[in-house]
Amino acid sequence: MMASPGFQGDTPGPPPVLDGKYRLDERLGEGAVGLVYRATHLGLKKVFALKLLKPGPALDPFSVSRFQREAEALGRLRHSHIVEVTDFGVDPGTGAPYLVMELLDGVPLSDLCREGPLPLARALPILDAIAAAVDAAHEQGILHRDLKPGNVLLCGPEGEDRTAKVLDFGLAEISAPPHLLDVVDEEALVMGEEEKAPSLTVTGGLLGTPLYVAPEVIRGEPAGRASDLYSFGVIAYEMLVGRPPFSGSTRQVLAGHLEREPSPPEGALPAGVWKALREPLAKDPARRPATAAEIVRRLRVAANEEDRARWRRAELPRRALLSVALAASAAVAALLLPPAGLPAVERWLYDLRLRASPALAPDPRILLVIFDEASLAGGSPPLADRADEIGRTLDRIFAAGARGVAVDFLLPDAWNASQGFSDLVLRHSEALTLAAFSNPEGKVVGTGSLAGLTASALGPRRAAEIFGFVNLDEDPDGAVRRGRLWFRDSSSSQRPSWAARATREFRPDLARENATGPSFWIDTRIDWNRYARISWRQVPAALDRNPGLFRNRLAVVGGDFQGSGDDYHRIRHRSGGSRAVSGLTLQALMVDTIEAGLPIREPGRMPFLAATILGIGLAMAGILCARRPGPIAAGLAVGAIVYLALSFPVFRRTGLMLPVTAPLLLVLLGLLAALLLRRNFPQPPEVSIP
């Protein structure tokens, strides 16, 4: 191809075809020493960007060496954020070197910087890309030495995420990659000076752009990785602040790099970001971060901390107030819940606790005097006709030293005419307990046995106090778990239960009215099979031979046979199932429970609910405010499980029935409410640190 006279200065344009391979289609731009064209490879029919060294004075040895250095540097690098070189050559007709690169469509970063400070969210991805390119070059032993916004191209359509490409390695310093340094050093010992790459340093000159050059380069010291990192820090400063750190004449700019600290921005750049931004601008190269990626990482950490601080300032106060409101709602819900929480579940837990507890010995002061089948056999008269006999025998039991006698029969009205029964009542009214029963219609049965002259002699009050009600409360599953200390009659007066009346000689503090609540848990841990028992037919002989058997005891008298009027009831057993026991045994268990001081107790409800509500409030505040609620929710769940598990040994050692369902239900509702509300709230910023 014929040379174009334009390279002699006569014509401004280059030849239309370079090196016989590239057709120059359109001039795209002009640099310090080169012209950039859109060019088509004649063989491949593919479009590239072709950089051609300017004709005339630009063809001096320094410019040619710089051009070759850029080709060598870019030829060594293959990175997604570094412009890719596909060819390098010298046009034979003109002697002008050229460099062929991928054709990129975009705008220089310098155009974007002129728009003013960039938000961190927009600047950090661009800095990430530049940092990756710089670090990749350093790993290959290449220093760029002219990093600036004008040498970064943002590729891609406007308005979308653009890819940053680092350009112009014309001032690059090339050495062997770190892993080849030892080999290169050995080779350098035998190389002649004429074989070494020509230096790009010019005496009295300054390589790079003054606005972005590192202090050590200004002082004439060799450039290093830290020099590129300083230039990278200046780019970051300009992007985030909206201006370079130093401005004015060249002398003023260079003096700023050497002597002054960058001035803080006038805008609201967070303090942590400003601190991270100053680190790569340290005058001492040793104090700068080790890599460009580390610079961006520190900026991102500072940005994330600021995001989280901003989120906390905006969100924590209102979420704390919401937690207080939720805790107050939980308090209202606690007041609306039944005192026993979920009764069915509490009964089931009570049964489980019984199974986990050892058997207890019964009170040895309780003696069961049983009317069994044998006591009624052999032509014995019916009970309705045995008032005198029973009255005299019970009187002998008192005489033998019994502290009390409790009759668990609904005595016939005909007994009011018995002299023996009347004498018993008049002599021992304080220590004698008789049974009464209120049927579903409200009619009281059993009190007719005490009437006439005997009742008149006692007076209405004392006559009424002899009786205790034997009514029982069965749970929905048919088992009896709770007894009563007193009942309330139709006139709203309190009437003692039979068991409470029978124990007044032993525990007057619990048997008296209003001593505690109306009901109590029957302690079925007591091994009722070990109660001392004696058949009624054996009582006369025992009184004759061993009257001490009754001394200081409570004789509980009743039937233990089907059809006695005191049939069998179901109670829960430690084996896990139900057991059928006679009414006499059940009443004895209630008497034993009262005499033991009601060992199965329920602590005050309000302290537990208050502690639960406090815990729920703190947990909900943590769930709503924490960046990750999972550990708090898991801790709350584990705490609930531990509380449930601890309720078993506490019951075994102390008899305390810790409330379970009400606190756990409140915990569950509070946890669900906090998690659901959290889903509709702005989430805490995530940590995003590469």
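The values are calculated or read from the model by the stated rules, or taken from the named source; none is laboratory data. The structure displayed is predicted, hence computed values, not measured ones. Using ideal geometry, Cβ is built from the backbone for each residue, glycine included, and neighbour counts are taken over all protein chains shown. The area values use the complete protein model at the heavy-atom level, side chains included, leaving out ligands, DNA and RNA. Shrake-Rupley method; radii C 1.70, N 1.55, O 1.52, S 1.80 Å.
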(request) Examine segment 153-161 for a residue that is farther than 21 Å from A71 by Cβ and crowded, with 20+ Cβ neighbours inside 10 Å, and state whether such a residue exists. (result) yes
(request) Filter segment 418-435 down to the residues that are out of contact with any strand residue (DSSP E or B) (no Cβ under 8 Å at 6 or more places or on another chain) and under 22 Å from S497 (Cβ atoms), then identify the one that is surrounded by the fewest Cβ atoms within 10 Å (Cβ to Cβ). (result) E430
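Out of S449, S490, S438, S456, which single residue is open to solvent by less than 30 Å² (accessible area, probe 1.4 Å), out of contact with any His (no Cβ under 6 Å at 6 or more places or on another chain), among the polar types (S, T, N, Q) and over 30 Å from L352 (Cβ atoms)?
S449
Which helices (runs of 4 or more DSSP H) sit wholly inside segment 602-679 and have at least 2 residues that are farther than 23 Å from L336 by Cα and basic (K, R)? I'd like the intermediate steps shown before the answer.
Working: elements: 605-625, 630-654, 661-679.
Helices (runs of 4 or more DSSP H) meeting the threshold: 630-654, 661-679.
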(message) Conditions first: (1) at pLDDT 85 or above; (2) open to solvent by 50 Å² or more (accessible area, probe 1.4 Å); (3) hydroxyl-bearing (S, T, Y). S575 passes all but one, so which condition is the exception?
(response) (1)
(request) Looking for whichever is out of contact with any Gly (no Cβ under 6 Å at 6 or more places or on another chain), surrounded by fewer than 13 Cβ atoms within 10 Å (Cβ to Cβ) and not hydrophobic (A, V, I, L, M, F, W, C) here; the options are R545, R462, R537. Which one fits? (result) R545
(message) Checking S357 against (1) open to solvent by 40 Å² or more (accessible area, probe 1.4 Å); (2) among the polar types (S, T, N, Q); (3) touching a Lys or Arg at 6+ places or on another chain (Cβ under 7 Å): exactly one of these is not met. Which one?
(response) (1)
(message) Just the residues that are open to solvent by less than 10 Å² (accessible area, probe 1.4 Å) and basic (K, R), please, taken from segment 217-241.
(response) none
(message) Taking the condition of being open to solvent by 20 Å² or more (accessible area, probe 1.4 Å), hydrophobic (A, V, I, L, M, F, W, C) and not in a loop (DSSP other than H, G, I, E, B), how many residues in segment 242-276 meet it?
(response) 5
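Restricting attention to segment 309-316, does a residue exist that is surrounded by fewer than 12 Cβ atoms within 10 Å (Cβ to Cβ) and modelled with pLDDT under 90? Steps first, answer last, please.
Keep residues of segment 309-316 that are surrounded by fewer than 12 Cβ atoms within 10 Å (Cβ to Cβ), which gives 313-314.
Pick out the ones that are also modelled with pLDDT under 90 and you get 313-314.
Scanning segment 309-316, I find at least one residue that is surrounded by fewer than 12 Cβ atoms within 10 Å (Cβ to Cβ) and modelled with pLDDT under 90, so the answer is yes.
Table: residues versus (1) among the aliphatic types (A, V, I, L, M); (2) in contact (Cβ under 8 Å) with a residue 40 or more places away in the chain.
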site: W311; (1), (2): no, yes
site: E315; (1), (2): no, yes
site: A320; (1), (2): yes, yes
site: S323; (1), (2): no, yes
site: L326; (1), (2): yes, yes
site: A330; (1), (2): yes, yes
site: L342; (1), (2): yes, yes
site: V345; (1), (2): yes, yes
site: W348; (1), (2): no, no
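For segment 440-470: of the residues being out of contact with any strand residue (DSSP E or B) (no Cβ under 6 Å at 6 or more places or on another chain) and of a type in the set (S, T, N, Q), which is nearest to V557 (Cα to Cα)?
Within segment 440-470, the subset out of contact with any strand residue (DSSP E or B) (no Cβ under 6 Å at 6 or more places or on another chain) is 440-443, 448-465.
Then drop every residue that is not of a type in the set (S, T, N, Q), which leaves 449, 454, 456.
Working: S449: 16, T454: 22, S456: 26 Å.
The extreme case among them is S449.
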(message) Report every pair of residues separated by at least 6 positions or lying on different chains whose Cβ atoms are under 7 Å apart, first residue within segment 635-648 and of a type in the set (G, A, S), second surrounded by 11 or more Cβ atoms within 10 Å (Cβ to Cβ) and not in a helix (DSSP H, G or I).
(response) S647/L658; S647/V660
(request) Provide a single number: the residues in segment 589-614 that are at pLDDT below 85 and buried (at least 20 other Cβ atoms within 10 Å of the Cβ). (result) 3
(message) Whether any residue in segment 81-100 is modelled with pLDDT under 90, of a type in the set (S, T, N, Q) and touching a helix residue (DSSP H, G or I) at 6+ places or on another chain (Cβ under 8 Å) is what I want to check.
(response) yes
(message) If I filter segment 98-110 for residues that are part of a strand (DSSP E or B), open to solvent by 40 Å² or more (accessible area, probe 1.4 Å) and hydrophobic (A, V, I, L, M, F, W, C), do I get at least one hit?
(response) yes
(request) Output the residue which, of all residues in segment 77-86 that are without any contact (Cβ under 8 Å) to a residue 40 or more places away in the chain and part of a strand (DSSP E or B), is farthest from the chain's Cα centre (by Cα). (result) T86
(request) Could you tell me which numbered condition I632 fails, if it satisfies all but one of (1) surrounded by 19 or more Cβ atoms within 10 Å (Cβ to Cβ); (2) of a type outside the set (G, A, S); (3) in contact (Cβ under 8 Å) with a residue 60 or more places away in the chain? (result) (3)
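Per-residue answers, yes or no, for (1) touching a Pro at 6+ places or on another chain (Cβ under 7 Å); (2) free of Cβ contacts under 8 Å to residues at least 40 places away in the same chain:
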{"position": "R353", "(1), (2)": "no, no"}
{"position": "P358", "(1), (2)": "no, no"}
{"position": "T393", "(1), (2)": "yes, no"}
{"position": "W415", "(1), (2)": "no, yes"}
{"position": "Q419", "(1), (2)": "no, yes"}
(request) Just need a number here: residues in segment 405-417 that are touching a strand residue (DSSP E or B) at 6+ places or on another chain (Cβ under 8 Å) and in a loop (DSSP other than H, G, I, E, B). (result) 4
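For every residue, the table says whether it meets (1) of a type in the set (K, R); (2) over 30 Å from G576 (Cβ atoms); (3) at pLDDT 85 or above; (4) open to solvent by 60 Å² or more (accessible area, probe 1.4 Å).
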residue	(1), (2), (3), (4)
L335	no, yes, no, yes
S375	no, yes, no, no
G379	no, yes, no, yes
L383	no, yes, no, no
D395	no, yes, yes, no
R403	yes, yes, yes, yes
